[in-house]
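> Pasting a structure below so you can have a look.
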2 protein chains.
Amino acid sequence: MTKKVATKAAVKAYTEMTAEELKNELAGLKKEYERYQAMDMRLDMSRGKPCKEQLDLSMGMMDVLSSGSDLRCEDGTDCRNYGVLTGIDEAKELLSDMMENNPNNIIIYGNSSLNVMYDCVSRSYTHGVMGNTPWCKLEKVKWLCPAPGYDRHFAITEYFGFEMITIPMTKDGPDMDMVEKLVSEDPAIKGIWCTPKYSNPQGYSYSDNTVRRFARLKPAAPDFRIYWDNAYGVHHLYDQDQDHLIEILAECKRAGNPDLVYKFASTSKITFPGSGIAAMATSSNNMEDIIKQMKNQTIGHDKVNQLRHVRYFGDICGLMEHMRKQADILRPKFETVEHIFEAELGGLGVGQWTNPKGGYFISFDTLEGCAKTVVALCMKAGVKLTEAGATFPYHKDPRDSNIRIAPTFPPVSDLEKAALLFTLCVKIASAEKLLKEMNA
Amino acid sequence: MTKKVATKAAVKAYTEMTAEELKNELAGLKKEYERYQAMDMRLDMSRGKPCKEQLDLSMGMMDVLSSGSDLRCEDGTDCRNYGVLTGIDEAKELLSDMMENNPNNIIIYGNSSLNVMYDCVSRSYTHGVMGNTPWCKLEKVKWLCPAPGYDRHFAITEYFGFEMITIPMTKDGPDMDMVEKLVSEDPAIKGIWCTPKYSNPQGYSYSDNTVRRFARLKPAAPDFRIYWDNAYGVHHLYDQDQDHLIEILAECKRAGNPDLVYKFASTSKITFPGSGIAAMATSSNNMEDIIKQMKNQTIGHDKVNQLRHVRYFGDICGLMEHMRKQADILRPKFETVEHIFEAELGGLGVGQWTNPKGGYFISFDTLEGCAKTVVALCMKAGVKLTEAGATFPYHKDPRDSNIRIAPTFPPVSDLEKAALLFTLCVKIASAEKLLKEMNA
């Protein structure tokens, strides 16, 4: 995953153009923009939604259970009835293979890992973590937010009124010097959001060193937890060229910090978003703490859907085979966008973008102060992007530069048009900005 | 639903026996009890679980969606993908017919209405109700608990540390004089648990007058809410002889109290427990308040399962037809227990029980101080009952008298044995108690 740097000889970087040249360029760009507006496009690249073809891949799931099926699981439990608070054994087995954790340290939840994260924050707020003071009784709770990051993570901690502290992201993960310093000094800091693999939005994966440093954190707060949202753990785009993470729970255990992490995953982007199963892996101490709440909260999650998933995939190998088919659909989409970015913007010095090997997003950084304009220009020509600023706490990108590109949902033909429009809007916004700076 | 009163001429009430007579009786009972112990029974009558035959009724649900199905709902939304926070329209339509509410005032949730209730308490605790102070910032929160009632309700409010105040239940519902007085005087009282129809455990349904008085409450706390858990709204045992409730939201609206109620329901005991859909009906103001949280909490619930339910039932008439089949399975079970109670205990003056027209339970009241003994005696002979005391806040039945009987799960043949054993244990415990009182 390398950043594109201006190297082409044939193009002249905007930053090296004279005001006259920029004005000429801008006039051409604006004509082109009008042509796009006339096309009356209606495209949504705002959310990381699977496309129809990806969803079609999982339609076999609708056939694995029928009226003639035996819906008992291996231990004889009738999945149709009440009970089994933490999930059926075979679902824990499958998810443990996917998450690389001991099945005894896994809880299977309902359809949404986001909901599980919300629930963890909420439980800590109302009842505290492993006997510590409930956060609602504290004057202040602070939270570390590596950014650019996932807007729905930040929304949870904002909703609870926590003070969110932005941690710069590097291609190796969050700035660990800053994380270590803050976490060890300030007992008000209770957590950090992480998307460690194929991060949202850059597609970065944490380096081995980053994971090791996470596992060795010495938090001032005994109830500090790493919220490790491994949302894209098996969401590779390539069959060999894959990122690999050191497994965090195991590393924490080795480092003598077994209770430091809540790790989340789900099948939302494997089978059906909203109709998958979510899971959490954590230490036995944390599990015990969580189950104290769970038993008051529900009688159990949807075991029939757990069974459906297990019977459909059979085992982790079946699941990985399924993910290869997903990759075959997604790879051309990512490559389409990346090729167009390179062809249209390479050498212009007006933006940088990532070329991830997995996950759901490409991250684009405009010149400072251009992101909002680009998103607005795209919108006016019929392409909806994730709101500029959304990848930062409080929706405030201090440089107004980061834009999250979600290439998964539209068909390739639409994606080409949308990516071309996007590059056009980047050029317009950049030219306007540079002209403004020249007072021309 | 009438209480059985000792009327038989042939039997002599225990309360009228001499010590000698009681001792003789007890000796015979104990021999009989040993015979039961030798039978090595293993029966669970502790929870309101549907039986296998009930679950089999819904197996057609596994066939309504197949790999060839179009999983779009009527408005074109692909139910397989993300989105639609409050549920698909056709599910709201079906549930609105079931709940007797406007579909615009319904939110469809995941698989558990208990979880929705927990969530409502938790949200009120962390963020308050419609702009009022979050309950976590208050010194004290109190909650009204009509009892005997549902143990899992009480568990939620106990988990949050609320002071639970027991309200006596009558056959018309909670003691409304007490409810009105407490609610209007004490702003620390924030809610009340209600199972208004075929109540858990008595099977009582609130009278029209009770519902009208609920709708006209004048709470001292602006954030007081009635938690109206209509868990057994369509769970009749008979086709004509059914209880009917005044619809509470409509009545509250008419009374000028539109925001007073959160009303809950689910299909857990209609299709599959744990794999059904849950719903809440409430005023538009409350919905707005709740959605502010929901949008931070989840992207949406399981729409495929919503669609599965709608396509399976078609409409409310299909659902009611399904409930008639459920009733055909359950009616003989309730009647078996009631006939045995009448035959074995009628006229003995050692207990009272309910004969509900719907729901999942029969409530039994022993002589004061006998419930724990009866439950322990049953357990020692292989029949597990709901723990004595469970139907009261803090698991403390002040009279040690109430036992919840759950006749739905075991087959009729087992139920006969279990009910006979139960009556035997009631007789033993009663005889022992009376002898003790005689100091004999």
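The values are calculated or read from the model by the stated rules, or taken from the named source; none is laboratory data. Remember, it's a predicted structure, so these values are computed and weren't measured experimentally. Please note: Cβ atoms are built from the backbone with ideal geometry, for glycine as well, and neighbour counts cover all protein chains shown.
> Give, as residue ranges, the strands (runs of 3 or more DSSP E) completely inside the range A:336-440 that count at least 1 residues that are in contact (Cβ under 8 Å) with a residue 12 or more places away in the chain and β-branched (Val, Ile, Thr).
Of the strands (runs of 3 or more DSSP E) lying wholly inside the range A:336-440, those with at least 1 residues that are in contact (Cβ under 8 Å) with a residue 12 or more places away in the chain and β-branched (Val, Ile, Thr) span A:362-366, A:383-385, A:402-405.
> Filter the range A:266-296 down to the residues that are touching a Leu at 6+ places or on another chain (Cβ under 8 Å), in a loop (DSSP other than H, G, I, E, B), within 12 Å of chain B (Cβ to nearest Cβ) and not β-branched (Val, Ile, Thr) and list them by number.
A:Phe272
> Here is a follow-up. Please state which of the following conditions A:Lys263 fails to meet, knowing it meets all the rest: (1) in contact with a helix residue (DSSP H, G or I) (Cβ under 7 Å, 6 or more places away or on another chain); (2) basic (Lys, Arg); (3) within 14 Å of chain B (Cβ to nearest Cβ).
So A:Lys263 meets the others, but not (3).
> Condition first: within 14 Å of chain A (Cβ to nearest Cβ) and surrounded by fewer than 17 Cβ atoms within 10 Å (Cβ to Cβ). Now tell me which residues in the range B:139-155 satisfy that.
B:Glu139
> Do we find a residue being surrounded by 17 or more Cβ atoms within 10 Å (Cβ to Cβ), of a type in the set (Val, Ile, Thr) and within 14 Å of another protein chain (Cβ to nearest Cβ) anywhere in the range A:122-129?
So far as the range A:122-129 goes, yes, one or more of its residues are surrounded by 17 or more Cβ atoms within 10 Å (Cβ to Cβ), of a type in the set (Val, Ile, Thr) and within 14 Å of another protein chain (Cβ to nearest Cβ).
> Report yes if some residue within the range B:223-242 is surrounded by fewer than 21 Cβ atoms within 10 Å (Cβ to Cβ) and of a type in the set (Lys, Arg); otherwise report no.
Checking the range B:223-242: not a single residue is surrounded by fewer than 21 Cβ atoms within 10 Å (Cβ to Cβ) and of a type in the set (Lys, Arg).
> Let me ask something else. Which one is surrounded by the most Cβ atoms within 10 Å (Cβ to Cβ) among residues in the range A:287-331 that are in contact with a strand residue (DSSP E or B) (Cβ under 7 Å, 6 or more places away or on another chain) and under 19 Å from B:Arg308 (Cβ atoms)?
Filtering first and then ranking leaves A:Gln306.
> Among the residues of the range A:194-212, is any within 14 Å of chain B (Cβ to nearest Cβ), assigned to a helix (DSSP H, G or I) and touching a strand residue (DSSP E or B) at 6+ places or on another chain (Cβ under 9 Å)?
No, the range A:194-212 contains no residue that is within 14 Å of chain B (Cβ to nearest Cβ), assigned to a helix (DSSP H, G or I) and touching a strand residue (DSSP E or B) at 6+ places or on another chain (Cβ under 9 Å).
> Continuing with this model, one more query. Can you report the number of residues in the range A:99-113 which are facing chain B (nearest Cβ under 8 Å) and either farther than 28 Å from B:Phe162 by Cα or surrounded by fewer than 21 Cβ atoms within 10 Å (Cβ to Cβ) (or both)?
First pass over the range A:99-113, keeping only residues facing chain B (nearest Cβ under 8 Å): A:110-112.
Restricting the remaining residues to those that are either farther than 28 Å from B:Phe162 by Cα or surrounded by fewer than 21 Cβ atoms within 10 Å (Cβ to Cβ) (or both) gives A:111-112.
Selection size over the range A:99-113: 2.
> Looking at the range A:218-255 only, could you name the residues that are assigned to a loop (DSSP other than H, G, I, E, B), more than 19 Å from the chain's Cα centre (by Cα) and not aromatic (Phe, Trp, Tyr)?
Correct list: A:Lys218, A:Pro219, A:Ala220, A:Ala221, A:Pro222, A:Asp223, A:Asp239, A:Gln240, A:Asp241, A:Ala255.
> Only one of (1) outside the structural domain of A:Met294 (by TED's automatic domain parsing); (2) out of contact with any strand residue (DSSP E or B) (no Cβ under 7 Å at 6 or more places or on another chain); (3) outside any loop (DSSP other than H, G, I, E, B) is not met by A:Glu90, so which one is it?
(1)
> For the range B:156-186, name all the residues that are within 30 Å of B:His244 (Cα to Cα), within 14 Å of chain A (Cβ to nearest Cβ) and of a type outside the set (S, T, N, Q). Steps first, please.
Start the filter on the range B:156-186 by keeping residues that are within 30 Å of B:His244 (Cα to Cα), which leaves B:156-157, B:164-184.
Now restrict to residues that are within 14 Å of chain A (Cβ to nearest Cβ): B:156-157, B:164.
Answer for the range B:156-186, where residues must be within 30 Å of B:His244 (Cα to Cα), within 14 Å of chain A (Cβ to nearest Cβ) and of a type outside the set (S, T, N, Q): B:Ile156, B:Met164.
> Among the listed residues A:Leu65, A:Leu95, identify the single one that is away from every other protein chain (no Cβ under 14 Å) and either hydrophobic (A, V, I, L, M, F, W, C) or in contact with a strand residue (DSSP E or B) (Cβ under 7 Å, 6 or more places away or on another chain) (or both).
Just a single option satisfies the conditions, and that option is A:Leu95.
> A follow-up question, please. Is it the case that B:Ile248 is more than 22 Å from B:Glu158 (Cα to Cα), away from chain A (no Cβ under 14 Å) and either touching a helix residue (DSSP H, G or I) at 6+ places or on another chain (Cβ under 9 Å) or among the charged types (D, E, K, R) (or both)?
yes
> Considering each of B:Thr18, B:Thr2, B:Thr7 in turn, give the residue that is modelled with pLDDT of 95 or more and of a type in the set (S, T, N, Q).
Numbers: B:Thr2 fails: modelled with pLDDT of 95 or more; B:Thr7 fails: modelled with pLDDT of 95 or more.
Selected residue: B:Thr18, the only one of B:Thr18, B:Thr2, B:Thr7 that is modelled with pLDDT of 95 or more and of a type in the set (S, T, N, Q).
> Name every residue in the range B:158-189 that is under 28 Å from A:Phe160 (Cα atoms) and either in contact with a helix residue (DSSP H, G or I) (Cβ under 7 Å, 6 or more places away or on another chain) or in the same structural domain as B:Asn402 (by TED's automatic domain parsing) (or both), in order of residue number.
Answer for the range B:158-189, where residues must be under 28 Å from A:Phe160 (Cα atoms) and either in contact with a helix residue (DSSP H, G or I) (Cβ under 7 Å, 6 or more places away or on another chain) or in the same structural domain as B:Asn402 (by TED's automatic domain parsing) (or both): B:Glu158, B:Tyr159, B:Phe160, B:Met164, B:Ile189.
Residue by residue, here is whether (1) over 30 Å from B:Lys427 (Cα atoms); (2) within 14 Å of chain A (Cβ to nearest Cβ); (3) under 25 Å from the mean Cα position of the chain (by Cα); (4) of a type in the set (S, T, N, Q) holds:
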| residue | (1), (2), (3), (4) |
| --- | --- |
| B:Met323 | yes, no, yes, no |
| B:Arg331 | no, no, yes, no |
| B:Glu335 | no, no, yes, no |
| B:Glu338 | no, no, yes, no |
| B:Phe341 | no, no, yes, no |
| B:Gly349 | no, no, no, no |
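> Consider A:Gln293 against the criteria (1) touching a residue at least 24 places away in the same chain (Cβ under 8 Å); (2) in the same structural domain as A:Thr271 (by TED's automatic domain parsing); (3) out of contact with any His (no Cβ under 9 Å at 6 or more places or on another chain): it satisfies all of them except one. Which criterion is unmet?
Among (1) touching a residue at least 24 places away in the same chain (Cβ under 8 Å); (2) in the same structural domain as A:Thr271 (by TED's automatic domain parsing); (3) out of contact with any His (no Cβ under 9 Å at 6 or more places or on another chain), the lone unmet condition for A:Gln293 is (3).
> Ok, one more. Answer yes if at least one residue in the range A:192-210 is among the acidic types (Asp, Glu) and buried (at least 16 other Cβ atoms within 10 Å of the Cβ), and no otherwise.
Start the filter on the range A:192-210 by keeping residues that are among the acidic types (Asp, Glu), which leaves A:208.
Now narrow it down to the ones that are buried (at least 16 other Cβ atoms within 10 Å of the Cβ): none.
Checked the range A:192-210: no residue is among the acidic types (Asp, Glu) and buried (at least 16 other Cβ atoms within 10 Å of the Cβ).
> Then there's this: Go through the range B:56-84 and give me each residue that's assigned to a helix (DSSP H, G or I) and in contact (Cβ under 8 Å) with a residue 40 or more places away in the chain.
B:Leu57, B:Gly60, B:Met61
> If you go through the range B:48-55 one residue at a time, do you hit one that is surrounded by fewer than 16 Cβ atoms within 10 Å (Cβ to Cβ) and either assigned to a loop (DSSP other than H, G, I, E, B) or out of contact with any Phe, Trp or Tyr (no Cβ under 9 Å at 6 or more places or on another chain) (or both)?
There is at least one residue in the range B:48-55 that is surrounded by fewer than 16 Cβ atoms within 10 Å (Cβ to Cβ) and either assigned to a loop (DSSP other than H, G, I, E, B) or out of contact with any Phe, Trp or Tyr (no Cβ under 9 Å at 6 or more places or on another chain) (or both).
> Tally up the residues in the range A:100-139 that are part of a loop (DSSP other than H, G, I, E, B) and under 25 Å from the mean Cα position of the chain (by Cα), please. Break it down into steps so the answer makes sense when it comes.
Restricting attention to the range A:100-139, the residues satisfying the condition of being part of a loop (DSSP other than H, G, I, E, B) are A:100-102, A:109-112, A:128-134, A:138-139.
Of the ones still in play, those that are also under 25 Å from the mean Cα position of the chain (by Cα) are A:100-102, A:109-112.
Number of matching residues: 7.
> So if I check each of B:Phe392, B:Phe361, which one is farther than 18 Å from B:Leu330 by Cα, under 15 Å from the mean Cα position of the chain (by Cα) and not small (Gly, Ala, Ser)?
Just a single option satisfies the conditions, and that option is B:Phe392.
> Taking the residues in the range A:160-191 that are among the charged types (D, E, K, R) and more than 28 Å from A:Ile405 (Cα to Cα) as candidates, determine which candidate is surrounded by the most Cβ atoms within 10 Å (Cβ to Cβ).
A:Lys190
> Can you name the residue in the range A:21-44 that is aliphatic (A, V, I, L, M) and in contact with a helix residue (DSSP H, G or I) (Cβ under 6 Å, 6 or more places away or on another chain) and, of all such residues, is modelled with the lowest pLDDT?
My answer is A:Leu43.
> Then there is this: So, in the range B:46-64, exactly how many residues are touching a helix residue (DSSP H, G or I) at 6+ places or on another chain (Cβ under 6 Å), within 16 Å of B:Pro411 (Cα to Cα) and not polar (S, T, N, Q)?
Within the range B:46-64, the subset touching a helix residue (DSSP H, G or I) at 6+ places or on another chain (Cβ under 6 Å) is B:53-54, B:57, B:61, B:64.
Next cut, within 16 Å of B:Pro411 (Cα to Cα) only: B:53-54, B:57.
Now drop any that are not not polar (S, T, N, Q), which leaves B:53, B:57.
The number of residues fulfilling the criteria is 2.
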